[in-house]
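The values are calculated or read from the model by the stated rules, or taken from the named source; none is laboratory data. Note that this is a predicted model, so its numbers are computed, not measured. Cβ: placed from backbone, ideal geometry, glycine included. Neighbour counts: every protein chain shown. Each accessible area value is taken on the protein alone, full model and side chains, heavy atoms only, with ligands, DNA and RNA left out. Shrake-Rupley method; radii C 1.70, N 1.55, O 1.52, S 1.80 Å.
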Amino acid sequence: MFVVGLTGGIGSGKSAASAHFESLGIACVDADQVSREVVEPGSIALQAIAERHGNGILLADGSLDRAALRKIIFSSEVEKQWLEALLHPLIAEETGRQLMSASSPYVLFVSPLLVESGQVAWCQRLLIIDVPESVQISRTMARDNNDRAQVESIIASQATRQQRLDAADDVICNDGDLQSLHSAVENLHKHYLELAKSHANQA
């Protein structure tokens with residue numbers, strides 16, 4: 001399977017870009033979505049979390065209370081490490097399964113931490129959606145109703161813009177309108193179809 005990794009800082013427009021790839025018939029595996037799926041009600045992971053922290057960690061409908069869990073792991077390095085040891089192998093296994101079962105000519109793997117986490121090793125190609133930091137801040141403040149300090153702290157916790165650009169095979173500068181983004185995605189889609197075909201012929 002030819003895997004194209006897609007990432008970018010918060011507010012860069014990753015979701016809009018991946019949605020357009022999907023509209024062109026490309027399967028998309030989203031790391032955030034996978035991390036939610038592995039803790040769905042009935043899962044082994046959710047059962048283990050509830051056993052460790054009690055049923056207070058669950059919402060009324062039996063799903064995980066993410067805010068409560070976030071509070072625990074932010075205040076305890078031990079709990080953070082325990083949770084990562086539980087979830088990371090499950091997330092990796094489920095991500096691999098979804099990537100391998102995709103039936104489009106290539107598959108898009110979307111993750112906000114592709115560069116930082118080493119997940120880029122799964123990708124044959126890395127696409128960065130890039131915007132200046134000032135645009136990240138203004139878009140995220142408007143979208144999430146966060147204040148500037150909060151957005152700047154999220155940006156500081158991610159790979160730097162330069163680190164992402166240094167790792168990139170392809171870059172879309174997304175500081176224009178949606179039409180410009182769609183156009184850039186369509187051009188790369190044609191390129192990826194060719195690369196995937198060549199990859200399949202060599203396999």
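Does segment 52-61 contain at least one residue that is exposed (fewer than 15 other Cβ atoms within 10 Å of the Cβ), in a helix (DSSP H, G or I), touching a residue at least 24 places away in the same chain (Cβ under 8 Å) and touching a Phe, Trp or Tyr at 6+ places or on another chain (Cβ under 8 Å)?
Yes, some residue in segment 52-61 is exposed (fewer than 15 other Cβ atoms within 10 Å of the Cβ), in a helix (DSSP H, G or I), touching a residue at least 24 places away in the same chain (Cβ under 8 Å) and touching a Phe, Trp or Tyr at 6+ places or on another chain (Cβ under 8 Å).
Could you tell me how many of the residues in segment 1-45 are over 19 Å from Leu114 (Cα atoms), among the polar types (S, T, N, Q) and either part of a helix (DSSP H, G or I) or open to solvent by 50 Å² or more (accessible area, probe 1.4 Å) (or both)?
Within segment 1-45, residues that are over 19 Å from Leu114 (Cα atoms), among the polar types (S, T, N, Q) and either part of a helix (DSSP H, G or I) or open to solvent by 50 Å² or more (accessible area, probe 1.4 Å) (or both) number 1.
So which of Leu83, Leu126, Leu108, Leu99 ends up being open to solvent by less than 70 Å² (accessible area, probe 1.4 Å) and more than 17 Å from the chain's Cα centre (by Cα)?
Just one listed residue meets the conditions, Leu83.
Here are Ile72, Ile91: which of them is within 30 Å of Leu165 (Cβ to Cβ), open to solvent by less than 80 Å² (accessible area, probe 1.4 Å) and either within 18 Å of the chain's Cα centre (by Cα) or touching a residue at least 12 places away in the same chain (Cβ under 8 Å) (or both)?
Working: Ile72 fails: within 30 Å of Leu165 (Cβ to Cβ).
Only one candidate passes the filter, namely Ile91.
Of all residues in segment 192-203, which are out of contact with any Pro (no Cβ under 9 Å at 6 or more places or on another chain) and surrounded by 13 or more Cβ atoms within 10 Å (Cβ to Cβ)?
Once the filter is applied, which keeps residues that are out of contact with any Pro (no Cβ under 9 Å at 6 or more places or on another chain) and surrounded by 13 or more Cβ atoms within 10 Å (Cβ to Cβ), segment 192-203 yields Leu195, His199.
Report whether or not Asp177 is closer than 30 Å to Gln202 by Cα and over 15 Å from the mean Cα position of the chain (by Cα).
No; evaluated as a whole, the condition is false for this residue.
Within segment 131-184, how many residues turn out to be small (Gly, Ala, Ser), open to solvent by 60 Å² or more (accessible area, probe 1.4 Å) and more than 18 Å from Leu114 (Cα to Cα)?
6
For residues that are loosely packed, with under 15 Cβ neighbours inside 10 Å and part of a loop (DSSP other than H, G, I, E, B), tally how many sit in segment 111-123.
1
Check whether at least one residue in segment 129-142 is in contact with a helix residue (DSSP H, G or I) (Cβ under 7 Å, 6 or more places away or on another chain), in contact (Cβ under 8 Å) with a residue 12 or more places away in the chain, of a type in the set (D, E, K, R) and within 21 Å of Val34 (Cβ to Cβ), and report yes or no.
Within segment 129-142, not a single residue is in contact with a helix residue (DSSP H, G or I) (Cβ under 7 Å, 6 or more places away or on another chain), in contact (Cβ under 8 Å) with a residue 12 or more places away in the chain, of a type in the set (D, E, K, R) and within 21 Å of Val34 (Cβ to Cβ).
Suppose we keep only residues that are acidic (Asp, Glu) and assigned to a helix (DSSP H, G or I) within segment 125-168. Which one would you say is nearest to Leu108 (Cα to Cα)?
If we take residues in segment 125-168 being acidic (Asp, Glu) and assigned to a helix (DSSP H, G or I), then Asp166 is nearest to Leu108 (Cα to Cα).
Considering only segment 96-129, state which residues are aromatic (Phe, Trp, Tyr) and modelled with pLDDT under 95.
Scanning segment 96-129 gives a single hit, Trp122.
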